[in-house]
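Quick notes on the structure that follows.
The values are calculated or read from the model by the stated rules, or taken from the named source; none is laboratory data. Here the structure is a predicted model, which is why all the values come from computation and not from measurement. Because the Cβ atoms are built from the backbone with ideal geometry, glycine has one as well, and the counts that use them run over all protein chains shown.
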Amino acid sequence: MKNKVDLNIDDSKIELNLVKGSENEIGLDISSLRTESNMITLDPGYKNTGSCKSKITFLDGEKGILRYRGYSIEELAEKANFLEVAFLLIFGELPNQTQLNKFLIDIKENSIIDEDIKRILESFPKSAHPMGILSSLTSALIAFNPEKKISLDNKQNGDQDYMYNSIVKLLAKVPILVAWVHRRRKGLPLDYGDNNLGYVENITKMMFQLPNQDYVNNKIIIDAMNKLLILHADHEQNCSTSTVRIVGSSEASLFASVAAGISALWGRLHGGANQAVLEMLEAIKKDGGDTKKFMLKAKDKSDPFRLMGFGHRVYKNFDPRAKIIKVTANKILNELGISDPILEIAKGLEKEALKDSYFVERKLYPNVDFYSGIIYKALEIPNEMFTVMFALGRLPGWVAHWREMRLNNEPIGRPRQIYTGETLRKFLEMGLR
Ligand code: SDX
């Protein structure tokens, strides 16, 4: 492969470098474009634009491949636990037992939250959406975990202790906030669970333990939670991760960057889709289960209805996570003895879409959000908490990208634009307008 291309503009020629990744992806490096041509590129939604080089996650949308640090999502979902996948994403290698034990101990040592945070939580109306609360409380954590002052000449980027402490604090505190948000909605007392338990085991205990009852971890639920959290852990430069990277590029703290990422994930075109899928399936069930009617609505350009949980910016084949979650949903419902008509409606929609020319031509397949809500529902997690569970899973991915961006000393993110507004005009006094 050549490592440069020529861009001919009028009578001038610019040489641009080609960049090749470890999976043979090719990028056109335009970092010199503006200085050499006074031109910029324009790419709304960044559909053709790479923002960075990254070693964390690899996606192949045509083949439906997803790997974290080179390990296939299928193997990790089957064989790993969430905390070791978090360690892998953040630090680049699977931990040995000593490293994993230390990681968990360091997290547990930071799993206390200032009681004033509870007062902030209690100040929210009961009707407040959990994602808005989680983003606010994650931001509030900054006030109670003040950043160490940095002078301009000692950038935090190289300060590994600062980074590691921020990372274990965040991984310790956000699951507690998630459990507290869930419990407050149910009118249950807030607690810290049991620090003698594993990471995911304690999350489930904090979320589901009822007052005055011993909580026995159910292996089915633990396995389901582990798998769901692993499947959501990272997905390269998606909307919320790109948000974390660009906010972090201003040297904003990890907490502030992740709080922004939580807000970006909330949108129904992104992580909010898992809640929207369940609401859509429940609406179809309430309407009599006529999936064909809703397929027609999804294809009707004059109708704002979209088949939520379908389509993806990168995957033009099956989302490998959706395949795993669909099998897991069947397994969990059988093991828990639940028969949920919603699952059958979802399968019916998928079956019809996969043979419908509108969806086939546009390569619209079920994505990670299409079946996940069915499992959350079986675990008795309310619809409005689904995207919070997505955020809980995505935490290590956001952390890994924030750390990578900072260690690479990447420049502050500041895209350009093509201005299409008014050209210069004179200010007219009020009487003259
Ligand atoms: C996530 O990026 C990531 O990696 C995200 C994520 C992660 O792990 O971080 O994977 C998580 O966000 C998954 C996606 C969850 N969102 C949804 O399920 C919402 C429904 N899907 C769509 O809104 C849409 O498919 C997107 C937002 C996911 C992708 O949108 P794109 O890439 O901008 O594609 P597009 O909107 O330009 O659609 C292309 C065509 C259009 O039709 P035409 O104009 O060509 O005629 O496909 C149509 C769209 O109208 N289309 C759909 C559709 N999705 C796309 N038509 C009906 N139903 C849909 N769901």
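Worth pointing out:
- Condition check for Tyr192: surrounded by fewer than 23 Cβ atoms within 10 Å (Cβ to Cβ), without any contact (Cβ under 8 Å) to a residue 24 or more places away in the chain and hydroxyl-bearing (Ser, Thr, Tyr): no
- Only one of Arg313, Arg268, Arg321 that is in a helix (DSSP H, G or I), closer than 20 Å to Pro366 by Cβ, among the basic types (Lys, Arg) and within 11 Å of the ligand (Cβ to nearest atom): Arg321
- Just so you know, in the range 77-96 the residues that are more than 21 Å from Val174 (Cβ to Cβ) and aliphatic (A, V, I, L, M) include one that is farthest from the chain's Cα centre (by Cα), and it is Leu94.
- Selection from the range 224-265 of residues that are outside any loop (DSSP other than H, G, I, E, B), within 20 Å of Thr49 (Cβ to Cβ) and among the hydroxyl-bearing types (Ser, Thr, Tyr): Ser240, Thr241, Ser242, Thr243
- In the range 275-310, residue farthest from the chain's Cα centre (by Cα) [restricted to those that are crowded, with 19+ Cβ neighbours inside 10 Å and near the ligand (Cβ under 8 Å from one of its atoms)]: Ala298
- Entry remark, the range 344-367: residues being under 13 Å from Thr291 (Cβ atoms) and in a helix (DSSP H, G or I) number 11 in total.
- Qualifying position, being surrounded by 11 or more Cβ atoms within 10 Å (Cβ to Cβ) and either assigned to a helix (DSSP H, G or I) or at pLDDT 95 or above (or both), among Ile150, Ile167: Ile167
- Some residue of the range 374-389 being aliphatic (A, V, I, L, M), modelled with pLDDT of 95 or more and in a loop (DSSP other than H, G, I, E, B): yes
- Condition check for Leu354: over 25 Å from the mean Cα position of the chain (by Cα), at pLDDT below 95, hydrophobic (A, V, I, L, M, F, W, C) and not assigned by TED's automatic domain parsing to the domain that holds Gln237: yes
- Selected residue (only one of Ile90, Ile56, Ile26, Ile40 is under 27 Å from Val247 (Cα atoms), surrounded by 15 or more Cβ atoms within 10 Å (Cβ to Cβ) and away from the ligand (no atom under 16 Å from the Cβ)): Ile90
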